[in-house]
Amino acid sequence: MAVINLKNRQIECKIVYYGPGRSGKTTNLEYIHKAFQKQVIGKMISIDTEGDRTLFFDFLPLGLGKIKGCDVKVQLYTVPGQIKYQATRQLVLKGVDGVVFVADSLAVRREKNMISLKDLHENLLKMGLSIRKIPLVLQYNKRDLEQMGLPVMSIEKMDHELNRQLKVPFFPASALSGQGVGNTLTQVLKLTLQSLQNEFNWAQ
């Protein structure tokens with residue numbers, strides 16, 4: 001749920017990068033933090049857990065306009081993807097305004113993608129939110145691994161299995177090189193701002 005600070009003319013909202021372990025959520029945020037330095041406010045905080053990490057930092061999306069004269073500040077978070085960190089994922093999701101689901105293109109990760117998407121759906125329900133209504137973008141990450149000869153699922157197969165019912169925007173990506181990372185972020189920011197405008201009945 002976005003926080004409105006009329007004194008500072010600022011609206012704070014929260015976007016969470018969700019997905020299975022090692023799908024590239026952390027790499028996405030690390031690339032954004034490095035490539036969009038002018039928009040990053042403060043340091044990137046990393047909370048390390050065994051074999052997984054939770055990252056967050058504040059981000060000021062320049063050039064996307066204001067809402068009722070207020071600047072929009074975005075908090076970008078990742079969740080730990082491993083199953084044993086369920087409680088941490090629920091905690092990070094609290095107050096979420098938009099979600100990027102980072103799916104792993106490796107064929108061996110197919111089932112983990114679907115389990116993680118179901119986990120997102122169930123955790124949102126616990127907070128009274130619907131995966132069909134919240135601003136959501138899918139990212140099909142690690143497309144570069146195909147060039148290394150590794151078995152990678154086709155975009156069509158991934159979209160059929162993960163997005164057949166949701167029908168939300170999706171982007172092929174390689175978070176290591178940055179391909180698709182900016183497009184994913186821009187799209188989820190736009191959807192989130194539109195959602196906030198509708199929620200508060202505001203116009204730019």
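For the range 176-192, residues that are closer than 16 Å to V16 by Cβ and in contact with a helix residue (DSSP H, G or I) (Cβ under 7 Å, 6 or more places away or on another chain) total 2. Here the condition is being of a type in the set (S, T, Y), out of contact with any His (no Cβ under 9 Å at 6 or more places or on another chain) and at pLDDT below 85; of T54, T78, T27, it holds for T54 alone.
Quick one: is M127 without any contact (Cβ under 8 Å) to a residue 60 or more places away in the chain, hydrophobic (A, V, I, L, M, F, W, C) and farther than 25 Å from D58 by Cα? Considered against the rule, which asks whether it is without any contact (Cβ under 8 Å) to a residue 60 or more places away in the chain, hydrophobic (A, V, I, L, M, F, W, C) and farther than 25 Å from D58 by Cα, M127 comes out as no. The residues of the range 151-195 that are assigned to a loop (DSSP other than H, G, I, E, B) and either of a type in the set (S, T, N, Q) or modelled with pLDDT under 95 (or both), listed by number, are S154, Q165, S177.
For the range 19-33, which positions are touching a Phe, Trp or Tyr at 6+ places or on another chain (Cβ under 8 Å) and in a helix (DSSP H, G or I)? Hits for the range 19-33 are K25, N28, L29, I32, H33. For the range 170-204, a tally of residues being within 27 Å of H160 (Cβ to Cβ), surrounded by 15 or more Cβ atoms within 10 Å (Cβ to Cβ) and not charged (D, E, K, R) returns 22.
The values are calculated or read from the model by the stated rules, or taken from the named source; none is laboratory data. Everything numeric in this text was worked out from a predicted model, so none of it was measured. With ideal geometry, Cβ positions are generated from the backbone for all residues, glycine too; neighbour counts draw on all protein chains shown.
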